[in-house]
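Everything on this sheet refers to the single structure shown next.
Derivation of every value follows stated rules applied to the coordinates shown; laboratory data play no part. Quick caveat, the model's predicted, so the values are computed rather than measured. Neighbour counts are summed over all protein chains in view; Cβ atoms, including those assigned to glycine, are modelled from backbone coordinates with ideal geometry.
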Ligand code: ARG
């Protein structure tokens, strides 16, 4: 819409005391009123006139100046309507010119945004929470990339902690197994559960695990460290399979262990700010002056060991020093709200002015039907199985709908995995989600398959046009007045991206793409594209082409493929 908003803003600025950048244009609640609206309330005070009077005067003054844009006052609003031929011509030209980069801008000016995402814990199956973090974080990254930021995706894997002492000791005791190579996460999980059980009978196991972790923490590069490295490598190999299916990659895979050597200096730095105290032998930062009732941040336990928070502080300082980020986003579940509040509160107590740049991008819980039975020890949901089931069910649907589809297996993977991803992104991220298999994979409703299917239908029209050699005529854009709903949706995409980036909220993109699909499908049921007057067919085909491009672009931002046939 910028191509229309900019002249409107310029003109309004010339007739009011407002600077251009302060002129906010809205989408009218009722589309029949116009494409853009300017509310006059804020001017009432300075102009000492009632908003409807101001609106009427402005509509009159501005109306004549804007080429191809009509202005009319309705109550306290000036409503603007773009002439339909101009709307079609300019939206189609812009999308055609930008293609796969449609919506890209240089807002970010290359400033760095760090995104801490996924960050599963080694030697355990990746949880549904980590899946959400991965999917939301990667979408946020793509949005920010499109806005011209330099983004850094960091996988802050949980590869440190006393549980690794147990695992190393368990491998020592019961040896390596074949499964360790073929199915490492299951093998490690089994070792962990067994160690836990036998430890209850025989306390010497706990002692042994402690000794192993101590050796690990001491930094000695011996057999214990070698085992830990092996566990890490095997687990990452498994996680990578899921990342590959989701099409996600990281600029840095840097686990908690990386910060081990920096923990002393991190603690010293916080001590030097004069905000630490010793409480029951532990080193803490009192945070009650920042917010009432917020518990202190624990930096070192009385036995001298450090904590998750200590390692996160070290990582944060390190990131700040390395990148001077404009934002550092932590895409982590709502259950860690307190943790990130504490991190930020420590920065605040240290008087660091970059504290507001650190954001906890939290999200609600996703409950899988399988998850409900997984509480017992060792009973866990394997994400790979969830993705496999989604793929298999997508394949069954595709085989029923389109038995001769070439490359059906690959498309089923795109649709199945896409369905799971889309389901994760379709609501505001702070909301909890109940995962319902039938709903997620449905080709109708607010689903990934629905959006992909809409795209594939458009692609099929384009294919048929090419086969019939239609669409070569000079398009009559004025004939697209009935497609204004589709065109306006497409035109709003750049603004949607900006807002989604500011809020780290991929659901703004899902909402947009779903709305576009609804508009497109509504239009398509009422209009024939092929076999019309050549100038009309050409215009409608151009519309179909840019709608397909825009939907594919939305899907790509969200991390879904846009198959041309399904
Ligand atoms: N590994 C942690 C967990 O699974 C998440 C880490 C999130 N990132 C961070 N920098 N704390 O709970």
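Table for the structure above
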quantity	calculated
Residue 252 versus residue 65: modelled label distance in nm, points set 7 Å from Cα along the beta carbon direction	4.9
Projected label distance in nm at residue 230 and residue 466, using a 7 Å step from Cα toward the beta-carbon	5.3
Rel. contact order, % - alpha carbon contacts under 8 angstrom, at least six apart, the chain	15
For the range 382-451, projected area of the alpha-carbon convex hull averaged over all directions, nm²	4.7
For the range 285-350, the Rg and Dmax computed from alpha carbons only, in angstrom	12.5, 37
Mean projected area in nm² (Cα convex hull; one quarter of hull surface) for the range 1-89	5.2
Rg/Rg_ref, the range 57-108, where Rg_ref = 2.2 N^0.38 Å and atoms are Cα	1.52
Rounded Å value of the spacing that divides the Cα centres of the range 263-316 and the range 333-356	12
Burial order of peptide ranges 348-355, 402-409 (average beta-carbon count within 10 Å, highest first)	348-355, 402-409
Neighbour-count ranking [beta-carbon atoms within 10 angstrom, fewest first] of 424, 202, 476	202, 476, 424
Neighbour-count order for 130, 360, 455, 104, fewest beta carbons within 10 angstrom listed first	104, 360, 130, 455
Radius, Kirkwood style, for the range 486-566 when every pair of distinct Cα atoms is counted (Å)	13.6
Per-residue Cβ neighbour rank within 10 angstrom, fewest leading, 477, 435, 80, 41	41, 435, 477, 80
Crossing angle, helix 383-401 versus the chain [Cα axis fit, 0-90 degrees, rounded to tens]	30
Share, in percent, of DSSP beta bridges within the chain that are antiparallel, nearest 5	50
Principal axes of the range 423-467: Cα extent on each, largest first, Å	47, 20, 11
Long-range tail of P(r) for the range 273-406 (Cα pairs > 28 Å, %)	43
Helix 534-558 vs. the chain, principal-axis angle (Cα, 0 to 90°, nearest 10)	20
Quarter of Cα convex hull surface for the range 92-195, i.e. mean projection, nm²	9.5
Alpha carbon centroid spacing (whole Å) that separates the range 500-546 from the range 1-30	26
Percentage of interatomic Cα-Cα distances in the range 217-311 larger than 24 Å	44
Whole-number D in µm²/s for the range 410-514 (Stokes-Einstein; Kirkwood sum over Cα pairs; 10 °C, 1.306 mPa s)	99
Residue-span extension gain [residue 482 to residue 290] - 0.36 nm each, minus C-alpha spacing	63.5 nm
Per-selection Rg to Rh, the chain - Cα, Kirkwood hydrodynamic radius	1.05
Rg to Rh quotient for the range 190-262, alpha carbon positions, Kirkwood Rh	1.07
